[in-house]
Structure formats: C-alpha cells, structure tokens
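**Q** Structure below; questions to follow.
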Amino acid sequence: MDEKYEPKAIEARWQAKWKSAKLFKVQENPDKKKYYLLEMFPYPSGKIHMGHVRNYTIGDVVARYKHMKGYNVLHPMGWDAFGMPAENAAIANKTHPARWTYDNIVAMKRQLKQMGFSYDWDREIATCMPEYYRWEQWLFLKMYEKGMAYRKESYVNWCETCQTVLANEQVEAGMCWRCGKAVQQKKLWQWFFRITDYAEDLLIHCDQLPGWPEKVVTMQKNWIGQSVGAEIQFPVENTSESIKVFTTRQDTVFGATFMCLAPEHPLVQKLSRGTPQQDPVDAFVERISVQDRSARGLERYEKEGVFTGAYCINPLSGKRMPVYTANFALMGYGTGAVMSVPAHDQRDFDFARKYGLDIIVVVQPDGAELNASEMGVAYPGEGTMIHSGAFNGLKSTEAQIAIADHLEQHGIGRRTISYRLRDWGISRQRYWGAPIPMIHCPTCGIVPAPESDLPIRLPEDAGLLEGGQSPLPFLDYFSRTTCPNCKREDASRETDTMDTFVESSWYFERYCSPDWDKGMFDPAAVNYWMPVDQYIGGVEHAILHLLYSRYYTRVLHDLGLVHFKEPFTRLLTQGMVCKETIQCPDHGFLYPEEASEGPPRQCMKCGQEVVIGRVEKMSKSKKNVVDPNILLERYGADTTRLFCLFASPPEKSLEWSEQGVDGSFRFLNRIWRLCWTWYPHIAGVSAWSGNINDLDGDLRQLAKKIHHTIYKVSTDIEDRFHFNTAISAIMELSNLMYGMALEPVSTLKLSVLRLAVETVTLLLSPIVPHMCEEIWSVLGYSQSITQTPWPAYNPEALTKDELLIVMQVNGKLRSKMTVEVDTPEETIRQMALKDEKIQKFIESRPIRQVIVVKNKLVNIVV
C-alpha cells in the first residue's frame, strides 16, 4: 500500500477488474430475493452533467449496499435516444441526429464508466434502435385493435418554424422553447392514446403509492384533476344545436347569464356564419390562436371575448343567454364551454362588467345581503339559495343535490365526474422518432401495417430539411407502400413519429430481457424483476413521464402481458445541483474556469471584475456548470461521489462548493493515511468478534462506536437515503480511531483496531468503491468488497454505558444522578446545579466553585 493516495491509478485498475470479472452482470435467480434499482435514463444530447452524476451516484450507493445485503440486484443503464432534445441538439451542432446520438452515447458511456457505477452493461438499450422501437410499434397495433389508439382532428400548439406540434410544457410565454418564435393553434389530424379511460384507476392508485414522496403524489392527483359535478345541456335558440357544459356548481345555474365558448370550439364558426358577427369572430379567433393556450399561459392575458351573434336558453331559468367566444375558455378543459355565473365567479364577474352583461345573485351568504349592482367582487362561497325558483331557501350544498336530481329527472343534464386529464397526443411532425405503423390508402382509408413488416425502420440516412422540418413525407422510399388490404401500390405510410415519452414509458420492462426477440420482453423475466423496487430521478418528471409510465403499464396489464399495474414501488426525486452565476460586463455569463479565483474575481478574457450572481440550478445557458471531467481529472471519481452525497440530503438541492469538494478529498486522504499507518500493525491479525462486555476503557468505547456506526449507516441508507448523516457517522468513527494510541500493543487491541479499519472500509465501500476495494485487497481479501456481506451490528453494543455520579455540597453527599460515560464536564455541572435536592442546600448563597471529577463526583462549594 503506497503512502500517497493516487485515485486515478486506483480507479482505472478497479474498473478494469470489475469489467473483466463481469461483477455486475446479473440473471434471474429464484433462490435469491431480487432488488431492481433504476435511475431515469438520460437523453444522449451531450456530455453528462452534475445532475446526472448526483442522480446516478445516489442509485449506485443503494445498488452496492443491496448487493452486500445479499440481494440479486438489477441495476441497468441505457439511453432515451429519440425525440426533440436529441434532434434539436444535433441541428444546433449541424450534425445528423443519428450520428449525434450514437457519438454521444459512446462519450457518455465512457464518462459513466469512469464514475465506477455498478451497471450491468450487457443490458444496455438505446430507444432509437429498431430492435427496441419495433415492439412499441407492435403494441401500438394492439392498442389500435382494442380502440386504445385513435386518430382525430384537434387543435394543437404549432410552431411554424420548427414544423412540429409542441406540448404545453414546450410553450414558454407563447413562444417555442427551441426557436423563440410565436406558437399558433392549428387544427391537425393527430394520433392519441386513450389515457382518460384510466383516469379513475390512476387517481385511486395514487393513494396506494406509500413509497412515493407526498408532493409527487399530489402533483399526479392534481394533473388527473377529478371534479364531481353535473353535465348540463343549453339549447341554442332557433337551431337544433345545444351547448354541453360541465360544472361543479350546479346550484348556481339560475345565475348563469351568458355562455363562453373556447375559440377552437366547433360551434363558434357555425353559430357566427351569415351574421354580422362573422368577421369580428373570425378576426378574434385568428388573433387568439397565437396566444399561449395553456391554463398557466392564460394568466398573462386580459380576459376578452366576442359575441357570436347567437343565444342559448338557460334550461332552468329560461333566460336568454348571449353566446360569446372568450380567450379564457379552453377546449382542453371540460367541454370547451363555460356556463358563466358572474355573481359567483370572479373571472365571469370581470368579463360581465367589461361587456355590460347581467349579474344575478343566486347564493346569499349567511348574515349578509348581496346586491348585484353594488358588488365589487364575486362571491364564490356557500349560503342560501335566492332567485332560484323552487330551490329558494335551500342551503347551496342541499341545492347541488336537488338540482342534480331535477336535471336528471327532466333529461336536461346528469351527474358526472370530469377529469382535467386529456388523452395523450403522441403525434410529432418530426424526423427523429419511432415511425407510427399505420398506412393511408386512397381506397381503404387508414389501415394498420402488417406485423410482419415490423419494425417500420426510420431511415437514418435521410437528409435534414431547413428549420427542423421532417424529411419523411418527401422520401418516397419510406412513405410509398402497398396497401395490405387492397394491394394498391399508391398507399402511403404515416409520416408522424411517436412522442419520445412513449419510449420512456416501458424501457424499465425491456431492461429485464433486452435481447428478447419474441415480444416486448420475456414474461418470465418481467415476472421476476418487476415492479422496480426503487426508482430515482428528477422531480421535473414527476407528472408526465411518471403518469405515462403508470398508464402504459396498465395497458400492458389489460392486454395480459404483465401481472401488475404500478411500475415503481418506491420513488426518490433528487434535488437540483446549484451554483452561483458569474457575469462579465462585456462577455456576459462566464464558465467558472473563465474567471480568476480572486479576490477580486476577474474575467480571464478582459480582466474586468466580474459580478457574482445568485445561486441557481446549473444551466448551460447561464454557464454555471461544472464539467465532471475536470473533477475526475483533479480529484477522481470517489471524491466526486462523496461530495455529491455529503453536501446535502438527496431530496434537497445541492449547492456546489469548491471547499466542499476539497474537504471530501481531504477526508479520503485522511482515511488512506490512517490505513497506511495502521496496516503494518494489523496485517495478519483477525478482526475482533468477541463479547463487548469483555472489553473496557478505550477498546470498549471503540467497539461500541463501531456497532453504533454500523447501525446508523445501515438505517440511514435503508430507511431514509440520508447519505450525508451516514457519512458523518463514519467520520465520527474515524476521528475516534485517529485518537487511538497504538502503544501499548496487545493482540486484543490490534484485533479491535483491525475490526475498526475493516468496518470503515465496508461502510464506505458503496460510496467510494475504488478506494475501498484497494484497501480491502491490501488487508488480504481476494474477493471484491462488493461481494462481501454488509457488516452486522450487535444490539447489545448499542446500549449506553452509564455511571452513578455523586453530588456534594461543601463535601457532603446531597444527591446522586446517572449519566452516560464521558459526558462533558460542563453538561454535568449544569445538571448538578439544576438538581432540586442540590438547590435546597445552595439556596441563595453565592457559588464559589464547582469541582467535577470525571465519571465520579461533583462538589459544589458555597
């Protein structure tokens, strides 16, 4: 064992040994309890960043710990390789998406291996490979057969520059997240999955996810968004049309004075045709189409609308209600129509005041009297019904039930449950994605591609077009095909590709049998490994990815492919990695290495003093990023891993600190020096395994500390993932070891010291595996430390040693107390002075001196 700690040499050597021994290769073993540990796989759109490093380090500690606890551990890694992130990065770098993706996979895989992560690389998958997406195309066909997949025309967020549909999350302040151009509402034919068929089941099972963070469960519930209320039909005057609305406040129907339709609602154009309002309505719809049409985006716009020229009839009051199209009504929520009750909804109140519409109070608060003409704000609360015909005098909560009964009895409405969740639109008008296996035939219409044609391969040699436009519609060798029904040769393939969330909704099942070619996965392997025991990833995926994965698993369940509904038993969402920003007056944001250390800190480009900004999430745009390669070169993987775990609990944000990294490196050097110093003395000695009661003095204290530390580290990893406190406990043990004198030497003493060294090495091994492998081998063990059982603690050693302390006043015994061995003198002094019996003998006399004899007595001199 060399005196100097050389991480680069040690880490490269042990990574090579792990690879040669296939240490982390795993197979199903019914005789062992399985543990499936999974971190969210990355987009191969660039180098790994510190967010990746933190996420994967957390997972690796748990995987290695479970290995040592005797579990059969599946810990795979792969690449979320399709979709806009990879394609946009390739376009920005003037590279073909295929080449960009495959090159990045090679580079990122090399970096992950340098970190020493315990992945079974034989299970590696990339979602852009035909052998992977072949099976999601197969499942698409099965879903189409069952009516779970369908095509319809709908309004979408459309970016003309990028030539694609955008999810609401990809629209920022009405602009495309990639090019910054205005997004429009455009009506397109799109493919959808019927996720709404599972809305109730998804919601119910939110309460059956005890291993998930409460905040994530709440986010899932809110996204599904269950509302209990009534569906009501409002007939349109002088037509056969009616407007269907959903409301949770059917008690306020008598107060509905106007109707608002979303600009995208099909009745808007229909009702305004041939009326003086046709041109104003068309202009309004065109103008609103460029607004951000998400619920979040609407908060930025003034509420406005245009009269369509039509009226509908309130089915309860008989009142004639003008029908408006308004920008605050959304097709994606409810029915796209809003029964507007201005007296009891602030948004409707503001709209009514703006356009001079009627306001009718129908719920009177207890102890007050509302007058519509004097109201400054709407009253949304409960109360007593007025101006509501036969329902006057009822409590509004009672009226909700009575009015719902009335609607159903008269066939003008019904009780129903509505969900905020909408069907999943999976069509993307982009190139880099899995082709949708459908065919358009002039004679037969839309028909599924034959299973024998799968996979429908994405042509990876396709040239890219300007602005990100997909080349697939213009490639005859891809789009032209023969109809499998009528054999017409002028049929065409679907040229939309699937949303990248489809690939990430089942990859965890594919890991169970990545080379299986008889289906999506080997059922026996999935039955053994699934569900995932521990899933780890960023909270930014708390809604869509997790929700889609839960939905997709239910589809597999209902098709008889899996026996479970929930894919992830436990979930950990790690916090962000943050660092302060650095700005130069002339050069803008700077990378950390582009500013001198200071003080003052100066721009390396021009010498001007820089401005240190607030601590924010690491971001390439603000350049407050740390390149893991720099850390690996300077400190090694183990130091990087240790800092990521010690600086903060995993669920909290981690603030980057150079001092913290240096501190982690110093601690590892300290452990190394301790082992180097002790090794000549403990070599050839067996670790102590005797009875704790046979030890006394410093050896007893050290042995008890060893077992306390094993208990603390085990529970922190097993129960809470509080790696920071686990590391602190190991540090406390190592500090005690540093205080131990090697002289006088005895066999018993050396065996206890040997136990201490082995324990520290074993407890640190999941965290800093390379250094611990090296120390373990120096200690004479040929087996990898990961294959060594996790140390067990002796419950008897966890009991605290206590002493009886005599308390005197002026040398005379006045009281006694029990304290732990080696309780600090100041603590004992304060305990004695607060003792009730002692206070009686002291009374108000001044205290001249308090004498503490360690572990024996206290004498108070007055």
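**Q** Can you match Rg and Dmax of the Cα atoms in Å to one of these, (i) 38.5, 139; (ii) 34.6, 112; (iii) 27.9, 89, based on a calculation from the structure here?
**A** Evaluating Rg and Dmax of the Cα atoms in Å on these atoms matches (ii).
**Q** Additional query: Of the options Gln277, Ile288, Ser452, report the single residue whose Cα projects farthest towards the positive end of the charge dipole of the chain (beta-carbon charges: Lys, Arg +1; Asp, Glu -1).
**A** Checking the options against the dipole of the chain, the answer is Ser452.
**Q** OK, next. Compute and list, largest first, the equivalent-ellipsoid semi-axes of the stretch 634-726 from the alpha carbon gyration tensor, each √(5λ) rounded to a whole angstrom.
**A** That gives 30, 20, 10 Å for the three semi-axes.
**Q** While we're looking at this one, here's another question. Zone of Glu593 (label point 7 Å along Cα→Cβ, backbone N under 15 Å): which residues in the stretch 630-659?
**A** 630-636
**Q** Looking at the square roots a ≥ b ≥ c of the eigenvalues of the Cα gyration tensor of the stretch 334-413, which shape do they give, rounded for a/c under 1.5, prolate if a/b is larger than b/c, or oblate?
**A** oblate
**Q** State the answer as a single residue: which of Pro42, Phe391, Gly180 lies farthest towards the positive end of the charge dipole of the chain, with beta carbon charges of +1 for Lys and Arg and -1 for Asp and Glu, about the Cα centre.
**A** The residue sitting farthest along the positive end of the dipole is Pro42.
**Q** Figure the gain on full extension for Thr218 and Ile630 (residue separation times 0.36 nm, minus the Cα-Cα span) and round it to one decimal in nm.
**A** So the extension gain works out to 144.4 nm.
**Q** Could I ask something else about it? Can you work out the Karplus-derived ³J(HN,Hα) for every residue in the stretch 451-456? Use 6.51 cos²θ - 1.76 cosθ + 1.60 with θ = phi - 60°, whole Hz, and x for glycine or proline.
**A** 4, 5, 7, 6, x, 6
**Q** Work out, step by step, the length gained on full extension between Arg488 and Thr827: first 0.36 nm times the residue separation, then minus their alpha carbon distance; give nm to one decimal.
**A** 112.8 nm
**Q** Along the stretch 92-107, what does the Karplus equation 6.51 cos²θ - 1.76 cosθ + 1.60 (θ = phi - 60°) give for ³J(HN,Hα), rounded to whole Hz, x for Gly and Pro?
**A** Once rounded to whole Hz, the list reads 4, 9, 6, 10, 5, x, 5, 5, 4, 5, 5, 5, 5, 4, 4, 5.
**Q** So in the chain, what percent of DSSP beta bridges are antiparallel if you round to the nearest 5?
**A** So the antiparallel bridges amount to about 75 percent of the total.
**Q** Could you list which residues have their amide H under 5 Å from that of Ala310, counting only those 5 or more apart in sequence or on another chain, with H placed in the peptide plane?
**A** Sorted by chain and number, the residues that satisfy this are Val323.
**Q** Take each of the peptides 695-708, 489-502, average the number of other beta-carbon atoms within 10 Å over its residues, and list them starting from the highest.
**A** Result, highest mean Cβ count within 10 Å first: 489-502, 695-708.
**Q** Return the long-range amide H neighbours of Glu580 (sequence gap of 5 or more, or a different chain), with a cut-off of under 5 Å between placed amide H atoms.
**A** For Glu580, the qualifying residues are Glu616.
**Q** Run the 1.4 Å probe and let me know the accessible area of Cys603, rounded to the nearest 10 Å².
**A** 10 Å²
**Q** Note down the accessible area of Leu590, probe 1.4 Å, to the nearest 10 Å².
**A** Rounded to the nearest 10, that gives 0 Å².
**Q** Testing the spin-label approximation: label points 7 Å from Cα along Cα→Cβ at Asn794 and Gln602. State their distance in nm.
**A** 6.3 nm
**Q** Describe numerically, in nm with one decimal, the distance between label points set 7 Å from Cα along Cα→Cβ at Glu836 and at Glu540.
**A** If labels sit at Glu836 and Glu540, their model points lie 6.0 nm apart.
**Q** Follow-up question, since we're still on this one. Taking θ = phi - 60°, what integer Hz values does the Karplus form 6.51 cos²θ - 1.76 cosθ + 1.60 yield along the stretch 554-570, in sequence order, with x for Gly and Pro?
**A** With coefficients 6.51, -1.76 and 1.60, one gets 5, 4, 4, 5, 6, 8, x, 8, 9, 9, 10, 9, 9, x, 10, 6, 10 Hz.
**Q** Accessible surface of Ser784 in the full protein assembly, 1.4 angstrom probe, to the nearest 10 Å²?
**A** Estimated to the nearest 10 Å², Ser784 gives 20 Å².
**Q** Ranked from highest to lowest mean number of other Cβ atoms within 10 Å per residue, what is the order of the peptides 73-82, 805-814?
**A** Result, highest mean Cβ count within 10 Å first: 73-82, 805-814.
**Q** Still on this structure, I have one more. If the only charges are +1 at each Lys and Arg Cβ and -1 at each Asp and Glu Cβ, what is the size of the charge dipole of the stretch 687-845 around the Cα centre, to the nearest 20 debye?
**A** About 700 debye.
**Q** Across all directions of projection, what mean area in square nanometres is found for the Cα convex hull of the stretch 475-532?
**A** 6.1 nm²
**Q** Okay, moving on. Which value, in debye to the nearest 20, describes the size of the charge dipole of the chain about its Cα centre when Lys and Arg Cβ atoms bear +1, Asp and Glu Cβ atoms bear -1, and nothing else is charged?
**A** About 1460 debye.
**Q** So if I place +1 on the C-beta of Lys and Arg and -1 on the C-beta of Asp and Glu, and nothing else carries charge, what would the dipole magnitude of the stretch 244-403 be about its Cα centre? I want it in debye, nearest 20.
**A** 420 debye
**Q** Roll a 1.4 Å probe over the protein chains and send me the accessible area per residue for the chain in Å².
**A** Averaged over the residues of the chain, the accessible area is 44 Å².
**Q** Here's another thing I want to ask about it. Using a 1.4 Å probe on the protein chains only, how many percent of the accessible area of the chain belongs to carbon and sulfur?
**A** After summing per-atom areas, the C and S share lands at 50 percent.
**Q** Using 0.36 nm times the number of residues separating Ala683 and Glu398, minus their current alpha carbon distance, what extension gain do you get?
**A** Contour length minus the Cα-Cα distance gives 94.4 nm.
**Q** For the pairs Lys152/Lys186; Lys215/Lys303; Lys812/Lys854, note any where the Cα-Cα span goes beyond 20 Å.
**A** Lys215/Lys303
**Q** To the nearest 10 degrees, how steeply does helix 346-355 sit against the main Cα axis of the chain, on a 0 to 90 scale?
**A** 40 degrees
**Q** Answer with one residue from Leu702, Leu642, Pro628: the one whose Cα lies farthest towards the positive end of the charge dipole of the stretch 606-751, charges on Cβ with Lys, Arg +1 and Asp, Glu -1.
**A** Pro628
**Q** How would you rank 376-384, 759-767, highest first, on the average number of other Cβ atoms within 10 Å across their residues?
**A** Sorting 376-384, 759-767 by mean packing, highest first, produces 759-767, 376-384.
The values are calculated or read from the model by the stated rules, or taken from the named source; none is laboratory data. As the structure is a computational prediction, the values presented were derived from the model and not from experiment. All Cβ positions, even for glycine, are placed from backbone atoms using ideal geometry, and neighbour counts span all protein chains on display. Protein only, heavy atoms only, side chains kept; ligands, DNA and RNA dropped before computing areas. Shrake-Rupley method; radii C 1.70, N 1.55, O 1.52, S 1.80 Å.
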